[in-house]
Amino acid sequence: MKRTWVLLLLLASSWGMAASMSTGDSGIARVEAVPAPVAGMPVAPRAMSATLPALPEVRLAMPEGGGWWRIDPASAAPGRLLLVYHPYSAQVSVRLPPSYRLETRTIFGPGLDPAHSRRALAFPLAAPGPAFIGIRDARYPLQVAVRPASEYSAADRVHTQVLFTSIGVLVGVCLVALVFWLVLRDRMHLWYAGCMATQMLYLLCSNGEAYSMPGLRLLGRFGTPGIWFVATLSTIVAVHFLLDFAELRTRVPRLSRLLLVLGAWLPGLLLVLLALPWPADKGWFPGIGNLLLLLANLVAIAALALAWRRGGRHARQMLFAWVPLVAISTARAVQLAIGAPLSPWLEYGLPLTLAYAAVVLMLGLADRMQAFRSERDRARQDAQHDPLSGAYNRVGILHQLQLAVSETRRRPRPLAVLFLDIDHFKLINDTHGHALGDACIRRLARLVQEHLMSGESFGRLGGEEFMLVMPGTDGGRAHAAAQHLRREVQARCAVIEEMSVGMTVSIGSAQYASPETAEALVRRADAAMYAAKKAGRNQVVAADAHVAGQPA
């Protein structure tokens with residue numbers, strides 16, 4: 001949670017930086033709709049009121065089929081730009097003084113001035129006089145301004161920094177996710193990389209920057225339908241990632257199926273129709289696509305909230321990442337639909353919330369990996385430990401012995417093994433019941449574990465048999481340790497759970513002698529333990545080390 005709030009603060013500060021950009025006066029004194037001008041047409045001067053304020057910006061409402069407007073700048077100062085902000089699908093034509101030659105541009109064209117970003121189409125005003133601007137295929141009112149080139153360049157640099165900082169974050173998390181997928185082969189990382197990559201591609205296309213980049217400028221041939229295609233594809237990939245990451249299929253199966261229909265299957269069908277040559281008019285696509293996106297987002301939020309309520313930790317993380325992105329995307333869609341002015345927080349909200357979501361989800365993936373590692377460690381712990389005694393089970397203690405033998409062969413040092421067996425354990429079970437027999441096993445295990453030295457391992461082989469692996473301990477010290485354990489058991493285990501059982505142990509000790517195997521060492525310690533039982537129990541017997549070199 002703390003990391004999420006830090007990211008939100010960084011996001012807010014970035015918005016503040018974007019909002020602090022001065023728009024200044026646009027320098028537009030008058031704007032009016034006019035018939036389409038022609039080259040060489042006379043331009044009548046207009047008498048301007050001295051008190052008429054310059055408009056900060058103008059919005060050109062789009063009649064069906066487009067139209068032309070006359071723009072009268074408020075100043076004749078050199079070094080000004082006529083700017084058409086966020087043209088998106090529009091085709092913009094201008095006739096500018098002094099020649100009034102027709103010039104047409106879109107954000108998809110390869111020949112735009114590389115000195116400026118494509119957040120606006122910039123036309124230099126080389127001479128005083130009115131400018132004429134014609135617009136076709138615009139889906140919403142466009143913002144137009146006249147600004148000094150130096151002022152616009154400064155604002156444009158901030159725009160570029162915000163946009164490509166966000167793009168850099170998305171590229172970074174994509175590469176990290178791909179590396180993790182190559183190493184771990186976890187499908188989740190591939191979905192995440194695909195989700196961030198398609199979102200990044202949509203960001204570049206919608207801002208027009210993709211069409212000036214090598215390898216991506218070919219997308220300009222598809223025009224606006226190309227942007228629709230990328231946006232819909234990003235939604236489909238995001239839905240699949242969301243379903244897997246938040247475990248919605250298992251936690252909220254009904255909502256997850258509805259989300260799959262609204263966010264993947266139906267958008268996929270739209271992509272097929274978009275790619276087909278029929279119908280030729282694709283103007284219906286944005287309305288249906290935006291409606292499906294809105295419904296899918298509402299279902300996604302409901303599913304995530306319900307999954308969180310049902311204990312889905314990753315659903316909570318996805319919710320914190322998804323809601324700001326949905327809010328900004330919805331606000332942007334509404335702004336475009338009603339033709340409202342695009343404020344800085346809304347313009348930069350999408351790239352910044354995408355970067356925020358990418359970081360939050362990467363933290364979520366890291367948390368998911370940590371959870372899986374903890375589950376793996378617990379599974380390994382359960383697989384190698386005896387639930388009754390808390391010591392290693394047979395598999396675990398034999399594995400520890402094999403590691404100790406391998407280390408002793410690699411770097412010669414002493415190694416000893418103690419084989420312990422509770423005396424008359426069947427009689428204890430028959431007399432006092434298996435519950436007390438279990439208590440005897442737990443008491444012995446706790447006592448031995450209290451005396452474990454660093455590097456030693458203790459485990460239950462089965463029933464009442466135990467083994468203690470003692471790396472770095474020779475036969476003499478192992479025998480002495482065994483005697484101490486035998487006396488401790490005799491003194492401290494005479495009474496178990498207020499029942500007098502007089503529990504004792506028989507112990508066999510054996511020292512490793514190369515080149516015997518771990519199995520041979522265990523057999524010698526086991527034989528020594530049986531020798532202790534034959535000697536009257538409650539004894540310690542050391543194995544004959546001279547037989548170590550014999551074949552096992």
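The values are calculated or read from the model by the stated rules, or taken from the named source; none is laboratory data. Predicted model only: the values in this text are computed from it and were never measured. Neighbour counts run over all protein chains shown; Cβ positions are idealised from the backbone, glycine included. Areas reflect the complete protein model, heavy atoms only, side chains present, ligands, DNA and RNA absent. Shrake-Rupley method; radii C 1.70, N 1.55, O 1.52, S 1.80 Å.
Just give me the residues in segment 402-418 being in contact (Cβ under 8 Å) with a residue 12 or more places away in the chain and not in a loop (DSSP other than H, G, I, E, B), in sequence order.
Result: GLN402, ALA404, VAL405, GLU407, THR408, ARG409, LEU415, ALA416, VAL417, LEU418.
Name the pairs whose Cβ atoms lie under 9 Å apart, with the first residue in segment 474-492 and closer than 21 Å to ALA404 by Cβ, the second open to solvent by 50 Å² or more (accessible area, probe 1.4 Å) and aliphatic (A, V, I, L, M), and 6 or more positions between them or separate chains?
Short answer, once both residue conditions are applied: GLY475/ALA542; GLY475/ALA545; GLY476/ALA542; ALA478/ALA542; HIS479/ALA542; ALA481/MET453; ALA482/ALA542.
For the subset of segment 266-294 comprising residues that are under 24 Å from LEU354 (Cα atoms) and open to solvent by 70 Å² or more (accessible area, probe 1.4 Å), which member is nearest to the chain's Cα centre (by Cα)?
Taking the candidates together, the pick is LEU294.
Report yes if some residue within segment 449-456 is aliphatic (A, V, I, L, M) and either without any contact (Cβ under 8 Å) to a residue 24 or more places away in the chain or open to solvent by 30 Å² or more (accessible area, probe 1.4 Å) (or both); otherwise report no.
Restricting attention to segment 449-456, the residues satisfying the condition of being aliphatic (A, V, I, L, M) are 452-453.
Filter again for either without any contact (Cβ under 8 Å) to a residue 24 or more places away in the chain or open to solvent by 30 Å² or more (accessible area, probe 1.4 Å) (or both), leaving 452-453.
Yes, segment 449-456 has at least one match.
Is it fair to say ASP377 is of a type in the set (Asp, Glu) and modelled with pLDDT of 80 or more?
When the stated conditions are applied, ASP377 does not pass them.
Any chance you could count how many residues in segment 165-185 are without any contact (Cβ under 8 Å) to a residue 24 or more places away in the chain and within 17 Å of MET213 (Cα to Cα)?
Residues meeting the conditions: 1.
Counting only residues that are open to solvent by less than 40 Å² (accessible area, probe 1.4 Å) and part of a loop (DSSP other than H, G, I, E, B), how many does segment 239-265 have?
2
Which residues, counting only those in segment 289-328, are farther than 17 Å from THR250 by Cβ and in contact with an Asp or Glu (Cβ under 7 Å, 6 or more places away or on another chain)?
none
Cβ-Cβ below 9 Å, separation at least six or inter-chain, first residue in segment 312-337 and farther than 16 Å from PHE241 by Cα and of a type in the set (Val, Ile, Thr), second assigned to a helix (DSSP H, G or I) and open to solvent by less than 40 Å² (accessible area, probe 1.4 Å): which pairs?
What qualifies is ILE328/LEU346; ILE328/GLY349; ILE328/LEU350; ILE328/LEU352; ILE328/THR353; ILE328/LEU354; THR330/ASN297.
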